[in-house]
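Have a look at the structure below before the remarks.
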């Protein structure tokens, strides 16, 4: 398989797999309760606390592991929501056409023109801090570009003979989407899933960093936010085990999705190799 011959795809898949495993097995592999004090404040890395502790004496390794759960849950939920709306709107507009297609694309154009991060901050601030709110808001922000890409691909598929034949035999819209279009759109959907998941991880951390997250939860962005609120932390060595590993974890998570998407590009887009 060409995927196995791509070092980028393998490295990216390994990083994403490590993120998912940490999220799923967090209650098992985390050495301490991430919300409970398990040591002295600002304890440096040691055998008891390999990544040290924060100002409340909470184990930072446990908070890193549990933070992966927040990133994965938001990324997965937001991506699935965006994909569902984007595929339904994109495919529906392409198949129905006419006024429905025009109205749907004008709505998409308006939403694409809105600045994402400021809109995300405003909506999250008004709706209240919470993982569910962040998940829904991110999903609603990312469906318009998905809808436009899916529509473009569905328009080309609509002109294929098998779709015209199915419509001629009376196939309805749900049947066409389920039986003919979704399998053909599979590579595009996978590529969009990886791209949006990467952006969702970054946006979740960004909103938590800005304080738009559940203060009682565990999140990588929230840990950095609390570290910056500590006066004089950068005049000590505490930032080396409080801020640096958390920022490194966010970077690796985004890098994993990015490398996976780049490595899968020749597989998901057969014209990539012919055009290179």
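So residue 93 clears everything in (1) more than 23 Å from the chain's Cα centre (by Cα); (2) at pLDDT 85 or above; (3) farther than 22 Å from residue 188 by Cα except one condition, right? Which one?
Among (1) more than 23 Å from the chain's Cα centre (by Cα); (2) at pLDDT 85 or above; (3) farther than 22 Å from residue 188 by Cα, residue 93 violates only (3).
Under 6 Å between Cβ atoms, which residue pairs at least 6 apart in sequence (or on different chains) link something in the stretch 21-41 that is touching a residue at least 60 places away in the same chain (Cβ under 8 Å) with a partner that is part of a helix (DSSP H, G or I) and surrounded by 14 or more Cβ atoms within 10 Å (Cβ to Cβ)?
34/62; 34/63; 34/66
Every residue in the stretch 43-57 that is over 17 Å from residue 216 (Cα atoms) and touching a helix residue (DSSP H, G or I) at 6+ places or on another chain (Cβ under 8 Å), please. Write out each step before concluding.
Initially, the stretch 43-57 is screened for residues over 17 Å from residue 216 (Cα atoms), giving 43-53.
Result: 44, 45, 49, 50, 51, 52, 53.
Going residue by residue through the stretch 5-25, is there one that turns out to be in a loop (DSSP other than H, G, I, E, B) and at pLDDT 90 or above?
Checking the stretch 5-25: at least one residue is in a loop (DSSP other than H, G, I, E, B) and at pLDDT 90 or above.
Kindly evaluate residue 83 against the criterion of being surrounded by 15 or more Cβ atoms within 10 Å (Cβ to Cβ), out of contact with any helix residue (DSSP H, G or I) (no Cβ under 7 Å at 6 or more places or on another chain) and in a helix (DSSP H, G or I).
no
Being farther than 27 Å from residue 27 by Cα, modelled with pLDDT of 85 or more and crowded, with 21+ Cβ neighbours inside 10 Å: is that true of residue 222 here?
In short, no.
Counting just the residues of the stretch 228-268 that are crowded, with 17+ Cβ neighbours inside 10 Å and outside any helix (DSSP H, G or I), which one comes out modelled with the highest pLDDT?
243
If residue 205 satisfies all but one of (1) without any contact (Cβ under 8 Å) to a residue 60 or more places away in the chain; (2) crowded, with 21+ Cβ neighbours inside 10 Å, what's the number of the condition it fails?
The one condition residue 205 does not meet is (1).
Please specify each residue of the stretch 34-49 satisfying the condition of being modelled with pLDDT of 90 or more and either assigned to a helix (DSSP H, G or I) or surrounded by 14 or more Cβ atoms within 10 Å (Cβ to Cβ) (or both).
Selection gives 34, 45, 49.
The values are calculated or read from the model by the stated rules, or taken from the named source; none is laboratory data. Here the structure is a predicted model, which is why all the values come from computation and not from measurement. Note: ideal-geometry Cβ built from the backbone for every residue, glycine included; neighbour counts use all protein chains shown.
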